[in-house]
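Peer 1: Let me begin by handing over the structure; questions about it come next.
Please treat every number below as a calculation from the coordinates, not as lab data. Since the model is a prediction, treat every value here as computed from it, not as a measurement. For neighbour counting, all protein chains shown are included, and Cβ atoms are generated from backbone atoms with ideal geometry for every residue, glycine included.
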Amino acid sequence: MLTVVPRPVTVRAPSKVNLHLAVGDLREDGFHELETVFQALSLGDDVSIVPAPATSVTVRGEDAASVPTNSDNLAWRAIEMVAAATGHSPDVAITIDKGIPVAGGMAGGSADAAAALLAADALWNLELTRAELHSFAARLGSDVPFALTGGTAVGTGRGEKLLPVLSRNTFHWVLALAKGGLSTPAVYRELDELRSKGSPPRLGDSKELMLALASGDPTRVAPLLGNDLQAAAVSLQPDLRRTLRAGVTAGALAGIVSGSGPTCAFLCSTADAAVEVGAELAGAGVCRTVRVATGPVAGARVVPRSSRG
Ligand code: ATP
């Protein structure tokens, strides 16, 4: 009898940096109204799934120990959601190779959820439409739809209503990964607290940034980077101030806290400049580790078997 050995499906999904993150007031549903410009970065996670006797998650990589391996894992939840909606068994072994820092403000969990959605679609030959995938993604989390689409996009609502942004050229980034993580809800709570005690400056709209992105000139983009969550992240982790200063001293055009932090993202003028800034930052002892990345990159994509490492 011929035994067919099921082949794993692997999907790579990008991380993100928010070039502009304007946080509005707290809504009745407990979320904040956002206007954000996302850029997908080359630092990514690989998620593989293969049929198995039961659902399981294995996580590999530096930060693996802090990622849940039960049904709290967003990739597991994505598989369960698609299985329930399409009548498939969720019994798959999920393997996540983490390149994205955990709880780093770079939407690593969301990337894994997006990757798992596409992997389920491919494994079960579902041929889900973009709209169906987007609808699953939005139910899994605010940043999951962007991990599917990638590129550069403006997000409104909780960040899940997306429109593509014209962005010329490839931008060169250095990411300073911090020692611990920051909980996204805690950072939003800190911002509410800061706002209740005073009036921290708020970002305006992102029109100027859109024009700068269309020009493709990083020196025009750099002064327009902004993040309303930065003050809150720095308030919870004051060392970030030193990290941000060190990147600019090392030659970056600008530095911002990525999303809810604590990763700091530095925009550099060229690929060579990014390597130099990365080396200086690594030597300055202001972060756990440094990565160089480019953006924009595509959203979650099935990795062809021939190009798997
Ligand atoms: P956000 O998307 O809210 O900005 P983040 O990028 O700061 O989050 P994540 O790496 O997504 O942080 O992790 C946030 C928390 O989500 C982790 O502390 C972890 O407990 C949980 N989590 C669930 N699934 C995953 C996953 N597949 N990878 C990483 N974290 C996960």
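Peer 1: Tally Lys and Arg at +1 and Asp and Glu at -1 over the other residues with C-beta under 10 Å from the C-beta of A22: what net charge comes out? Intermediate results must be reported in sequence, preceding the final value.
Peer 2: Working: positive: R202; negative: E33, E35, D205, D228.
Taking every Cβ under 10 Å from that of A22, the sum is -3.
Peer 1: Here's something else I'd like to know. In which sequence would V11, V248 go, from the one with the fewest C-beta neighbours within 10 Å to the one with the most? Spell out each step's value before the answer.
Peer 2: Numbers: V11 27, V248 14.
Ascending number of Cβ neighbours within 10 Å: V248, V11.
Peer 1: Treating cross-link reach as a plain straight distance, find the lysines whose alpha-carbon is under 23 Å from the alpha-carbon of K98, omitting any fewer than eight places away in the same chain.
Peer 2: Partners within reach: K16, K179.
Peer 1: With labels modelled as points extended 7 Å from the Cα through the Cβ direction, what inter-label distance (nm, one decimal) is found for E276 paired with D205?
Peer 2: Label-label distance for E276 and D205, simple model: 3.8 nm.
Peer 1: Using 0.36 nm times the number of residues separating A131 and R242, minus their current alpha carbon distance, what extension gain do you get? Don't jump to the answer; show the numbers that get you there.
Peer 2: Values: separation 111, 0.36 × 111 = 39.96 nm, distance 4.30 nm.
Full extension from A131 to R242 adds 35.7 nm.
Peer 1: Please arrange D272, D121, D97 by how many other C-beta atoms lie within 10 Å of their C-beta, fewest to most. Let's see the in-between values first.
Peer 2: Values: D272 10, D121 21, D97 17.
Ordered by Cβ neighbours within 10 Å, fewest first: D272, D97, D121.
Peer 1: Against the longest principal axis of the chain, how steep is helix 74-86, in degrees 0 to 90 to the nearest 10, with axes from Cα atoms?
Peer 2: With rounding to tens, the tilt is 50 degrees.
Peer 1: So for K98, K16, fewest C-beta neighbours within 10 Å to most, what's the order? Write down the numbers at each step before the final one.
Peer 2: Working: K98 21, K16 34.
The most exposed by this proxy come first: K98, K16.
Peer 1: Restricting to Cα pairs below 8 Å that are 6+ residues apart, what does the relative contact order work out to for region 151-305? Please round to a whole percent.
Peer 2: 34 percent
Peer 1: Let me ask another. Could you work out the relative contact order of the chain, using alpha carbon pairs under 8 angstrom and six or more residues apart, expressed as a whole percent? Don't skip to the end; give the middle numbers.
Peer 2: On the way: 720 pairs, mean separation 75.6, N = 309.
Dividing the mean separation by the residue count of the chain yields 24 percent.
Peer 1: Let me ask something else. Which value, in debye to the nearest 20, gives the size of the charge dipole of region 9-165 about its Cα centre, when Lys and Arg are +1 and Asp and Glu are -1 at the Cβ? Each step should come with its number before you reach the end.
Peer 2: Working: 10 positive and 19 negative charges, 40 e Å.
Dipole size: approximately 200 debye.
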